[in-house]
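The values are calculated or read from the model by the stated rules, or taken from the named source; none is laboratory data. The structure presented is a predicted model; accordingly, all values stated were derived computationally and were not measured. Backbone-built Cβ (ideal geometry, glycine too); neighbour counts: all protein chains shown. For accessibility, only protein heavy atoms count, side chains too; no ligands or nucleic acids. Shrake-Rupley method; radii C 1.70, N 1.55, O 1.52, S 1.80 Å.
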Amino acid sequence: RNLNYQVQLNWARTFGKHDVSAMGVFARQESAWGSMIPSYREDWVFRMTYAFNNRYFLEYNGAYNGSQNFSPDNRFAFFCSGAAGWMISEEKFMKKLKEKHIVDMFKIRGSIGEIGDDNAGARWAYLTNWSVIGPYALNLDGSNSPFTGYKESTIANPDLRWATVLKKDIGFDYGFLGGMFAGSFDWFRDDRKDIFISI
């Protein structure tokens, strides 16, 4: 059984040379198989963008994510990112190069942000799990016992939390000689922490 629902709002306006937009999303997913307890995932996401005269660009993203894979203390986390761009080819000092089709487009951009991963192995890893022993488990003297017993099969990890990735990117897009040469270049780096490892 899967239940997914989502609400999204979008807004965009142009004020002279200024372009502004905003977007908000709420999404929730419930899923279950057979008689299992349903699992839940919830996301609150927003994005804002700004552009001036098709030259300067700004963007900010935020996400408040919740997952049942973690204890109530670590269930929700906020992640955000930001980006900026500069379309150098639209500047006045590039006008002659554009008219001669030497430079068609040249843009520099950069971004930094954090995202989260809730793929933390076993669903109830933040709780201690118990398993049944018996009936007829051995007593200390080696004889059989008619009683059912329990043992600690998995030790709880209450500090389990979202694994995070800090992403950094610097790049540029270009087009030269009437489109004869076009492409992009990116340099990026990912730094990960709080990764869940099963042993």
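Worth a mention:
- Of the criteria (1) open to solvent by less than 60 Å² (accessible area, probe 1.4 Å); (2) small (G, A, S); (3) at pLDDT 85 or above, which one S184 fails: (1)
- Total residues in segment 79-98, condition at pLDDT 95 or above and among the charged types (D, E, K, R): 0
- Extreme residue, most open to solvent (accessible area, probe 1.4 Å), among residues of segment 99-123 that are more than 27 Å from W187 (Cβ to Cβ) and either modelled with pLDDT of 85 or more or out of contact with any strand residue (DSSP E or B) (no Cβ under 8 Å at 6 or more places or on another chain) (or both): K100
- Of the residues making up segment 60-98, those that are open to solvent by less than 80 Å² (accessible area, probe 1.4 Å) and more than 30 Å from L177 (Cβ to Cβ) number 17.
- Residue ID - most open to solvent (accessible area, probe 1.4 Å), chosen from residues in segment 1-28 that are at pLDDT 90 or above and assigned to a loop (DSSP other than H, G, I, E, B): K17
- Looking across G66, G34, G16, one residue alone is more than 24 Å from the chain's Cα centre (by Cα) and within 30 Å of D159 (Cα to Cα). It is G34.
- Within the option set S71, S81, S131, S111, being among the hydroxyl-bearing types (S, T, Y) and outside any strand (DSSP E or B) holds for one residue only, S71.
- Hits in segment 29-47 (condition: open to solvent by less than 90 Å² (accessible area, probe 1.4 Å) and touching a Gly at 6+ places or on another chain (Cβ under 9 Å)): Y40, R41, E42, D43, V45, F46
- Sole exception among (1) free of Cβ contacts under 8 Å to residues at least 40 places away in the same chain; (2) of a type outside the set (V, I, T); (3) surrounded by 14 or more Cβ atoms within 10 Å (Cβ to Cβ); (4) out of contact with any Cys (no Cβ under 9 Å at 6 or more places or on another chain) for Y126, by number: (1)
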